[in-house]
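First comes the structure, then the notes that go with it.
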């Protein structure tokens, strides 16, 4: 994996260029009627985007990947597989934007999304019926960092003819390749760890079944939310250091999780043990607003997966459109902070959080 990542895109160009060129052309010449180079119009297929999609499909052990204009566009592309009356079982704890998208599809298109704790196999089986079309799972949930046991779910899905769809944004192909284990569809907000530098908006969907790939290819082209050539290049560039960034972010997150478990300001540390994502729940006498106002090394921002440590306030940011009663059910309250731990010196991150927490105790 490390070698594939470091050398990604090197051998794809006929010129021998060691970095994938950016093909900005929107149209491609035909020699004669019925003849094509394989590229006709850039929404349908672009050489730079193809370089990324082919490389990513190989990393995922999939048949095809589809690069989209954002992570939400990737989720929307997957939603095109559902029709009115279909039911989808969904991770109870998940990204607020996904909840918003599913709420829209339920109201506008009568696709039913039922939220379930995927760790409770009996609860999953109870919700199955003839209309169940798919499982939509975050293997490490956002923002509670609950790691979902997947193998039993794959078995249930395969025996019932149900698609298993994973949002693998937090883990990336470096830590987990769901298609190798039994998943049918895996998607990422590639804005995050795949790009890795907080400078590109992108998504990607990968499938292992050729027929499903043909269906999604048609929808991808029809909808037109395809990734630009320059952004495709940025993802290829980001992938070259994915393994190095993931290892360092994880190493830092483990140190912080252990350290702040014993901190008097912290009620609970939520960490799955993999990736650079963790959440901290403050004790009642500490102010999240004060922490966010006093950080100096970390950054108060609404994203994740970059080289910098970002702190997000899910209650009013990532989960803002989720009704308050739904947030409360999931433990998303005004004491919860989500950290995307970066690759800085971990002592600098630790010291910054400590000084901010020390200023955050209410008098």
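A short reminder: the numbers here are calculations on the coordinates, not readings from a lab. In this text the structure is predicted, and so the values were computed from the model without any measurement. Here Cβ is always computed from backbone atoms with ideal geometry, including for glycine, and neighbour counts include all displayed protein chains.
Observations
- Counting other Cβ atoms within 10 Å as a rough exposure proxy, the listed residues 106, 258 run 258, 106 from fewest neighbours to most.
- Selected from 42, 307, 18 as most flexible by GNM, with the chain as the system and alpha-carbon contacts under 10 Å: 18
- Isotropically averaged projected area of the stretch 1-140, using the convex hull of Cα atoms (one quarter of hull area), nm²: 12.3 nm²
- Our summary gives the stretch 2-240 a relative contact order of 26 percent, counting only alpha carbon pairs under 8 angstrom and 6 or more residues apart.
- Under the criterion of Cα pairs below 8 Å and six or more residues apart, the relative contact order for the stretch 213-314 equals 15 percent.
- Calculated diffusion of the stretch 103-247, Stokes-Einstein form, Kirkwood radius summed over Cα pairs, 20 °C and 1.002 mPa s, µm²/s: 128 µm²/s
- log₁₀ of I(q)/I(0) at q = 0.15, 0.23, 0.26 Å⁻¹ - the stretch 1-78, Debye sum with one point per alpha carbon: -0.65, -1.20, -1.28
- Among beta bridges that DSSP assigns inside the chain, antiparallel share in %, nearest 5: 60 percent
- The stretch 94-167-the stretch 336-356 distance, computed between alpha-carbon centres (Å): 32 Å
- GNM flexibility winner over the chain from 173, 323, 139 (Cα, springs under 10 Å): 323
- When the inverse distances between all different Cα atoms of the chain are averaged and flipped, the Kirkwood radius reads 21.4 angstrom.
- Size of the stretch 243-358 as Cα extents on the principal axes (Å, biggest first): 39, 30, 23
- The C-alpha atoms of the stretch 189-303 occupy a region whose extents along the principal axes are 54, 28, 27 Å, arranged from largest to smallest.
- Rounded, prolate or oblate (a/c below 1.5 giving rounded, otherwise prolate when a/b exceeds b/c) for the stretch 304-363 by Cα gyration tensor: oblate
- Rg and Dmax of the stretch 186-236, based on Cα coordinates, read 11.9, 34 Å.
- Choice from 228, 69, 290 showing the highest fluctuation, given a GNM over the chain with Cα pairs closer than 10 Å: 290
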